[in-house]
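Visitor: One structure is given below, represented as structure tokens, and several questions about it will come after.
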Amino acid sequence: MSQTPPEVRFVRALAAGVLREGDAAAVAAQAALRDVLAAERSLVLEVQFTGFFRRGEQVGGVHPLLLKAAGQLITLRVNRVGFTAEAGEQEMRALFDALSRPPAELPEGAVGMLRERAPRGVFLSTTAGDVYRPERTEGGVAPSAAEPSPAPAYSAGLDSVSADSVADFADFELVETHGNPLPAGAAEERGPAAPPPEAREEPAADDLYHFFRAAAPARGGAEEAEELAASLRGAATTVRFDELVQAAAAAVPRLLDGGEVMRALVLVEALVDEAHRADRTRLFRDSAQQGLRRIATDPVLNQLAGLLERGGEARERVLRVLLHLGAGAASVLEGIVVRAGDPALREAVFRALLRTDPTGARVLERALAEPAASRTRGVLELAGLPGIDPALTLRWLERAAGHPEPAVRADVVRLATRLGGRGGMRVLLELLGDADEAVRRGAARGLGELGEPAAVPFLARLLNDSADDDLQVEAIGALGRIGSAEALPVLSGVLGRRHLFAGKRLQRLKLAAAAAIGRIPLPGAREVLASLAAGKDAELAAEARRALAAQG
């Protein structure tokens, strides 16, 4: 049997700790982390809806424990956690204590609690741009009660860090500033000049250097975004344009991670505009589309989707760009439609998806196929909003009419009644034969509200001895509300029934028929009521007199 990789063991322990298995998980996590860092400098994990990722690869696969833990972190808005060898058992306990709490117990967020506890070797960022990393003291990071593990040495064109000292992570930010002059005297303080950029050894993709670089507030983010956007619009050659697209695609996630969310949005909007500019050649537009595809990673999509909570102009801008970021963005928006708790947000996303028809319509039809009745009902409610194309609404109602849950079919009855017309009547007629009594009665009531004479023969079929009494009463009432000449003989037939053993039951139907005839504004209806009023059946006579009085 193959041995479980240490990074998988670590993620499992991390998930257990997040789900409140504190001390045991901390011991297991520290042991696994030690094994991971035996061959690596650091460990950085991205948190997504589908689990934990490292270097773009999922760690531990899709497992319920990992999905639940990732969901807990997402509620805390955590999008990345990082570790160095200094993280011991006590540090893990502090981390798990912060990450296992509900948001209501974290007024300053997970980052705020970590700042109070100050664990070493633990690094964390959120989609809101908050960042935790150990504070530095005179000799490195802030002290902790736990004994530090030896810190690994780093080298990326900087001064090397000895194995028994703590890395000054602020230095790592200088790696990408080789094109800018150092402040006066900095070269003397740093010793011999670093090799040129092309000769420098770049750190591995998961080195914490990248984490700190991204998590730190972006330097010049506003200028970078605005200059890149303006340069994209003004680029005259495809070579220059391609360079700018690559720079923009690389800058967007960095700006988002650094908290410059609106600046990142400016760049994405610029790429969307370039991808649809009529005065650009196909080469330019294709290049912009490729840049958008590079941007459309799960972390970027999740952070952009987080902006939708702001509402107003920001929401409209984000929706516009997400609708141009491909299938991944469509899935994110679909998830909001079926899961978000904010009704206004769900409606805004729903309407935005419809503007992308047929793509939006396909996404929403998939949502209607959700096995969870609550989600399907939520989408149906949106389908009944004012301004939605009736043809689309009808198509969704027809699909949902076959849903296995009676509650969903009951919603279909209500929405089909609201939709009306021949389409709404067709759906209601189909549900007259539903297996659920409440759905059948609702369909009969809905046909009465529509008032279509074409429904009379179908309602008349319900008035037989085999149908349940409540359904027959609903059908009788519906015939009265339709109020057509075709309904009068059907209702008169109910009054003429005779049955030896169904006294009270039959009387209830006759009284309902008399009341229904009172709704029909025809001379023949008044004649039937006048005959009943003069009859020997006291109850029927009283009901007939009330109906005649109501007609005036």
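The values are calculated or read from the model by the stated rules, or taken from the named source; none is laboratory data. Since this is a predicted model, take the numbers as computed values, not measurements. In this analysis, Cβ positions are derived from the backbone assuming ideal geometry, glycine residues included, and neighbour counts consider all displayed protein chains. These area figures cover heavy atoms from the full protein model, side chains too; ligands, DNA and RNA do not enter into them. Shrake-Rupley method; radii C 1.70, N 1.55, O 1.52, S 1.80 Å.
Visitor: What does the accessible area of Ser374 come to, in Å² to the nearest 10, when a probe of 1.4 Å is used?
Guide: Accessible area of Ser374: about 90 Å².
Visitor: Excluding ligands and nucleic acids, what accessible area in Å² is computed for Arg377 using a 1.4 Å probe, to the nearest 10?
Guide: 100
Visitor: So, one more: Can you give me the Cα centroid spacing of the range 476-552 and the range 110-130 in angstrom?
Guide: Taking the Cα centre of each part, the range 476-552 and the range 110-130 sit 75 Å apart.
Visitor: Rounded to a whole number, what % of the accessible area of the range 382-460 do carbon and sulfur atoms account for, probe 1.4 Å?
Guide: Carbon with sulfur: 54 percent of the solvent-accessible area.
Visitor: Which net charge results when you count Lys and Arg as +1 and Asp and Glu as -1 among the other residues whose beta-carbon is under 10 Å from that of Ser231? Could you put the intermediate results ahead of the total?
Guide: Numbers: positive: Arg233, Arg240; negative: Glu226, Glu227, Glu243.
So the environment of Ser231 carries a net charge of -1.
Visitor: By per-residue mean of other Cβ atoms within 10 Å, what is the highest-first order of 33-39, 533-539?
Guide: On the way: 33-39: 16.4, 533-539: 11.4.
So the order, starting with the most tightly packed, is 33-39, 533-539.
Visitor: Follow-up. Using a 1.4 angstrom probe and counting only protein chains, how large is the accessible area of Asp279 in Å², to 10?
Guide: 110
Visitor: Follow-up. Where does the range 1-131 land on Rg/Rh, using Cα atoms and the Kirkwood Rh? Let's see the in-between values first.
Guide: Values: Rg = 13.4 Å, Rh = 14.4 Å.
For the range 1-131, the value is 0.93.
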